[in-house]
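Structure first, commentary second.
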Amino acid sequence: MQKIRIFLSHWDRFLPWLQTLPALLTRLMVGFGFYMTGSGKLKNLDGVVEFFTSLGVPYAKYQAPFVAHLEYYGGILLLLGLFTRPASLLLSATMVVALLTADKADFLASWTTESEKVPAEITAFVYLVFLVWLFVSGGGLVSLDALLSKLLGLRKAPDSE
């Protein structure tokens, strides 16, 4: 019985750090994905403008560079865990637009029993789910957001309670 108490007391001290893994891994995965797609779009803006135009996106000439920069810099912010919530919110908007345009047919079909795809196979939807979670949960303990909060005295660090 004593060993169980010792294990649980150590577990309680270790758990806050273990709980930061989902936020860290999600930020790294989604952030890197956006960084890569954003940099790809920036290298081929003319192609992105054409693609947006073919989807019927209004003002594609202006939207394409905006989205490319948002994905590029938003991805970097997520990787760093800096301004995680605002970056997640803005990037969520791009995923909603993707679901309403480029992925619309596949996304809607994925909710039917006749489809061979499920919603979790639609990348924009998966990213949207992760981004909503990051918006609600924040960047986690291993982030510049947490460091800034601690330095500015906005929140007590869990290990100091």
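The values are calculated or read from the model by the stated rules, or taken from the named source; none is laboratory data. Everything numeric here is computed off the predicted structure, so don't read it as measured data. Positions of Cβ are backbone-derived with ideal geometry, glycine not excepted, and every protein chain shown enters the neighbour counts. Calculation scope for accessible area: heavy atoms of the full protein, side chains included, ligands and nucleic acids excluded. Shrake-Rupley method; radii C 1.70, N 1.55, O 1.52, S 1.80 Å.
Give the number of residues within segment 135-152 that are over 19 Å from GLU71 (Cβ atoms), open to solvent by less than 60 Å² (accessible area, probe 1.4 Å) and outside any helix (DSSP H, G or I). Qualifying residue count, segment 135-152: 4.
Determine whether PHE125 is touching a Pro at 6+ places or on another chain (Cβ under 6 Å), at pLDDT 95 or above and hydrophobic (A, V, I, L, M, F, W, C).
On the way: touching a Pro at 6+ places or on another chain (Cβ under 6 Å): yes; at pLDDT 95 or above: yes; hydrophobic (A, V, I, L, M, F, W, C): yes.
Yes, satisfied.
Pairs meeting the criteria (first residue in segment 133-158 and closer than 12 Å to GLY81 by Cα and at pLDDT below 90, second residue surrounded by 15 or more Cβ atoms within 10 Å (Cβ to Cβ) and among the polar types (S, T, N, Q), beta carbons under 6 Å, at least 6 apart or on different chains) are LEU141/THR20. Taking first residues from segment 23-44 that are farther than 14 Å from LEU70 by Cβ and partners that are aliphatic (A, V, I, L, M) and not in a helix (DSSP H, G or I), the Cβ contacts under 6 Å between residues at least 6 apart in sequence or on separate chains come to LEU24/VAL142. Filtering VAL132, VAL49, VAL67 for residues that are surrounded by fewer than 17 Cβ atoms within 10 Å (Cβ to Cβ), of a type in the set (A, V, I, L, M, F, W, C) and assigned to a helix (DSSP H, G or I) leaves a single hit, VAL132. Number of residues in segment 67-124 that are of a type in the set (S, T, N, Q) and closer than 25 Å to LYS43 by Cβ equals 5. Residue pairs whose Cβ atoms lie under 9 Å apart, sitting 6 or more positions apart in sequence or on different chains, and linking a residue in segment 86-99 that is acidic (Asp, Glu) to a partner that is assigned to a helix (DSSP H, G or I), do not occur here. The one condition from (1) over 25 Å from ALA105 (Cβ atoms); (2) open to solvent by less than 80 Å² (accessible area, probe 1.4 Å); (3) at pLDDT below 95; (4) not acidic (Asp, Glu) that ILE4 does not meet is (2). Scanning segment 90-122 for residues that are more than 15 Å from GLN63 (Cα to Cα), outside any helix (DSSP H, G or I) and either open to solvent by less than 70 Å² (accessible area, probe 1.4 Å) or of a type outside the set (Ser, Thr, Tyr) (or both) gives ASP103, SER110, TRP111, THR112, GLU114, SER115, GLU116, LYS117, VAL118, ILE122. Candidates are the residues of segment 36-46 that are open to solvent by 70 Å² or more (accessible area, probe 1.4 Å) and assigned to a helix (DSSP H, G or I); the one that is nearest to GLY75 (Cα to Cα) is MET36.
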